[in-house]
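These notes are about the structure you will find just below.
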Amino acid sequence: MSVTREQAADFSPPPLLVEEAIKLARDGRWDEATETLERALAADPGDLIAWLTLAGVRGRAGDADGEFMAIQQALAIEPYYVPALLLKGNWYEGRGDQVLAATSYTHALQVAPPREQWPPQLQAELGHAQAFVENHSQGLRRHLTDKLAGLRSGLQGPEGERWDEAVSIRAGCSNPYVSNSNQLYVPRLPAIPFFAREQFPFLHELEMHTPLIRDEMAAAIRDRNDGFEPYIAYRPGEPVNQWQHLNHSSDWNAFHLWKGGQPVEENLASCPSTAALLAELSLCSLSGLCPNVFFSALAPKTRIPPHFGESNARVIAHLPLVIPDDCGIRVGFETRQWQIGETLVFDDTLEHEAWNDSDELRVVMIFDLWNPLLSESDRELASALAEATRGYTG
């Protein structure tokens, strides 16, 4: 008894039927390709590749509804299947539905591996999805900013910045920035990137002596350059993570006046006026952690990567001393440029980074202050907690 080619195909394994359908589709034989794939799926309804191939065939044949149904069938089997999510986003994009396209592309990007691990066969599609989502988010951000402009115009300083960030988060242009203390964390403190200058009126006296502090810093660089040391200095065998390029590098040097809660007497002696001014400040004191006070020298074309600080019980103050153009600092959502003699105070337990894109050295004096939202009792408890921890861990 002879068996026709069509009858023999009925006994073919589904993968072979899919291969045959692909060949038929290449020749533009859409109806035959569709029929072949339907036979494959009758034999194995859970074949993801067959469903996606059917979606592609139906799409090329002009059957948009059938294409979408096949995509949905694939996602019903595996909701996190990246190729199906990408195809769904593409389907919506082709019909001008920007919102649903962005939603599907976002889902695909959320379950895909990091960009450096994208499969070669999906790199172009994932790259398109990422660009589409970013463009959609920026469009939503502009729309929301325009709609809120009237209300936003009446808010100044941190109040307005809060809603700028809210818009950015809602639009998907940025994520919320939360406190991440490496050591001592005080719960229920708000995550404030930059504090209002008015919260630290005692800094006015220090700022008035900026030229004097700068002169002592310059003399330290000239006369005691050996006092400057790499700020990042991991021991062999310790994981350096994002600090690989700055580890033991003179691109980010520090001249310590206080380090880990201890005075560096030799360095303080070389900067007597600065030491006297510091003695008048209420520096944050946490056993083994702070105060820290140092001149921070950042070399030209150097970037300090995003990182987190040790405790939100303290805040970090920067007194700018030598500031060329093209320098800046980002804390959470907010970016600032230093101005000589104008102290910036921020919460370094929010992700932050700094850069010097100029051709000159940038120098600021960095020192630790108490978080102004802590009461005296809070400060005593924070100090006691740090001391008790150090007593146990050494």
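None of the figures in this text is laboratory data; all of them are computed from the coordinates on show. This structure is a prediction, so every number in the text was calculated from the model and none was measured. Cβ coordinates were reconstructed from backbone atoms using ideal geometry, including for glycine residues, and neighbour counts include every protein chain displayed.
At-a-glance table
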quantity	calculated
VAL111-ASP31 FRET efficiency (beta carbon distance; Förster radius 35 Å; 0.05 resolution)	0.55
Stretch gain in nm, segment GLU266-ASP326, where the contour uses 0.36 nm per residue and the Cα spacing is subtracted	18.3 nm
Crossing angle, helix 376-393 versus the chain [Cα axis fit, 0-90 degrees, rounded to tens]	80
Label-point separation in nm, GLU78 to GLU161, each point 7 Å along Cα→Cβ	4.6
Which of PHE255, ALA218, ALA149, positive extreme of dipole for the chain (C-beta unit charges)	ALA149
Where a label projected 7 Å from the Cα of THR393 along Cα→Cβ would reach, residues of region 151-183 with amide N under 19 Å	179-183
Crossing angle, helix 157-171 versus the chain [Cα axis fit, 0-90 degrees, rounded to tens]	20
Cα centre as origin, Lys/Arg/Asp/Glu Cβ charges: region 197-393 dipole, Debye	320
Hull volume in cubic angstrom per residue (convex hull over the Cα atoms of region 65-130)	79
Unit charges on C-beta of K, R, D, E only; dipole of region 5-136, Debye	280
Dipole magnitude of the chain about its Cα centre (Cβ charges: Lys, Arg +1; Asp, Glu -1), debye to nearest 20	240
Most mobile listed residue (GLY46, GLY332, GLY288) in the chain, GNM with C-alpha springs under 10 Å	GLY46
0 to 90° range, to nearest 10: angle between helix 14-26 axis and the chain longest Cα axis	90
Gyration tensor verdict on region 197-393 (Cα atoms; rounded if a/c is under 1.5, prolate if a/b is larger than b/c, oblate otherwise)	rounded
Selection of GluC sites (Glu not before Pro), region 248-298, meeting DSSP coil and at most 16 other Cβ within 10 Å	GLU280
Region 90-198: trypsin sites (Lys or Arg not before Pro) falling in loop per DSSP and having at most 13 other Cβ within 10 Å	ARG95, ARG188
Within the chain, helix-based [θ] at 222 nm, where runs of 4 or more DSSP H residues each add -39,500 (n - 2.57), nearest 500	-15000 deg cm²/dmol
Summed side-chain charge close to THR103 - residues other than THR103 whose Cβ falls under 13 Å, Lys, Arg +1, Asp, Glu -1	-1
Read-out P(r) over Cα pairs in 20 Å bins from 0, in percent, derived from the coordinates shown; its label in [x] 21, 39, 24, 14, 3, 0; [y] 24, 53, 20, 3, 0; [z] 23, 56, 20, 1	[x]
Separation between Cα centres of region 216-282 and region 57-133, rounded to whole Å	52
Cα radius of gyration and Dmax for region 5-136 (Å)	15.6, 51
